[in-house]
Amino acid sequence: MVTPQVVAVCRDRLHRFSKRPVETITLVAGMGVLGDAHAGMLVQHRSRVRRDPHQPNLRQVHLIHAELFDEARTAGHDLAPGDLGENVTTAGIDLLALPTGTLLDLGGPVVRLTGLRNPCAQINTFRPGLLKVVLARADGTPMGDPAPPTGSAGAATPGVIRKSGVMSVVERGGEVVPGAPITVTLPEGPHEPLRPV
């Protein structure tokens with residue numbers, strides 16, 4: 001059993017698919033990762049800005065479980081921290097099973113989970129065939145086509161498993177470094193499962 005911990009931290013000032021691993025990141029309450037293209041109180045993701053630039057930013061910090069990299073490797077895709085655009089790579093915690101509103105203490109700084117990352121076609125542009133690793137039907141059958149876009153009527157379609165990480169907002173700022181322990185605090189029930197944001 002791996003103790004829940006931060007494996008790597010990443011950021012990028014530009015809107016690119018992948019982010020660069022760094023020694024430390026600074027989380028700013030209500031904003032996100034200092035110096036990252038997705039930081040801000042309002043939505044920063046380019047397609048969402050085009051739809052409505054006044055939406056709150058529910059995607060300030062992107063977290064992915066390192067165990068996904070093992071699954072990808074088995075399917076022939078060698079991935080490293082930051083490749084899928086995450087800010088924090090974790091180990092020893094089932095991020096996808098946590099409910100909406102879960103607090104993750106990342107060694108001092110705290111993020112609150114807002115939802116799932118919705119895998120898009122860019123994943124296959126980055127690595128052809130990788131979408132089948134991060135998107136599946138409820139029975140485990142890989143999906144080769146992107147999930148319905150966030151905000152569309154079909155976005156919350158049951159029976160689609162999204163494995164490309166979770167999104168969060170910063171509740172308490174501070175420095176996050178690899179090796180930091182992760183403490184999980186569940187919200188009061190009843191719990192709501194994470195949905196695409």
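Applying the Karplus relation 6.51 cos²θ - 1.76 cosθ + 1.60 with θ = phi - 60° to segment 118-124 yields 3J(HN,Hα) values of 9, x, 10, 4, 4, 4, 6 Hz, where x marks Gly and Pro.
Secondary structure note: in the chain, about 90% of the DSSP beta bridges are antiparallel.
What's the longest uninterrupted piece of the chain once you rule out the trypsin sites (Lys or Arg not before Pro) that are loop residues per DSSP with at most 14 other Cβ within 10 Å?
In short, 17-197.
Considering only protein heavy atoms and a 1.4 Å probe, what is the carbon-and-sulfur percentage of the accessible area of the chain? Result for the chain: 57 percent of the exposed heavy-atom area is carbon or sulfur.
For Glu23 and Ala91, the difference between the fully extended length at 0.36 nm per residue and the C-alpha to C-alpha distance is 22.8 nm.
At a probe radius of 1.4 Å, what is the per-residue accessible area of Thr3, in Å² to the nearest 10? Answer for Thr3: close to 100 Å² accessible. For segment 13-69, the solvent-accessible area with a 1.4 angstrom probe is 54 square angstrom per residue.
The values are calculated or read from the model by the stated rules, or taken from the named source; none is laboratory data. Model, not experiment: these values are computed from the prediction. Cβ: placed from backbone, ideal geometry, glycine included. Neighbour counts: every protein chain shown. Ligands, DNA and RNA are stripped out before the accessible areas are found, and what is left, the full protein with its side chains, is counted by its heavy atoms. Shrake-Rupley method; radii C 1.70, N 1.55, O 1.52, S 1.80 Å.
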